[in-house]
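Asker: There's a structure below that I have some questions on.
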Amino acid sequence: MRAAEPNPAHLALATLEHRVAGFTLITQNVDGLHARAGSRRMVELHGNIMRNKCFAEGTVVEHGVEDGDPPPKC
């Protein structure tokens, strides 16, 4: 997944956001490709696979766990 690149649809939505005031993208995607395409005002309904969150403390870690790494501690 890390090697995936935004496709023309991701790029078109990012362009639309920059052209239309008040545009917010609501996505079920968890791959972060919308952000990599340039979208900034978005709601990721199912989160982002590259972000970890401790629900006990509300701490968010903005990077994914590498293969074999233990998850971050709260």
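Asker: In the stretch 15-50, which residue that is farther than 24 Å from Val61 by Cα and part of a helix (DSSP H, G or I) is least open to solvent (accessible area, probe 1.4 Å)?
Answerer: Only one residue fits best here, namely Glu17.
Asker: Please name all residue pairs, on different chains or six or more residues apart, with Cβ atoms under 6 Å, provided the first residue is in the stretch 12-26 and is free of Cβ contacts under 8 Å to residues at least 24 places away in the same chain and the second residue is loosely packed, with under 10 Cβ neighbours inside 10 Å.
Answerer: Ile26/Val43
The values are calculated or read from the model by the stated rules, or taken from the named source; none is laboratory data. Just so you know, these numbers come straight off a predicted model, no measurement behind them. Cβ sites come from the backbone with ideal geometry, for glycine too, and all protein chains shown count toward neighbours. SASA here: full protein model, heavy atoms, side chains in, ligands and nucleic acids out. Shrake-Rupley method; radii C 1.70, N 1.55, O 1.52, S 1.80 Å.
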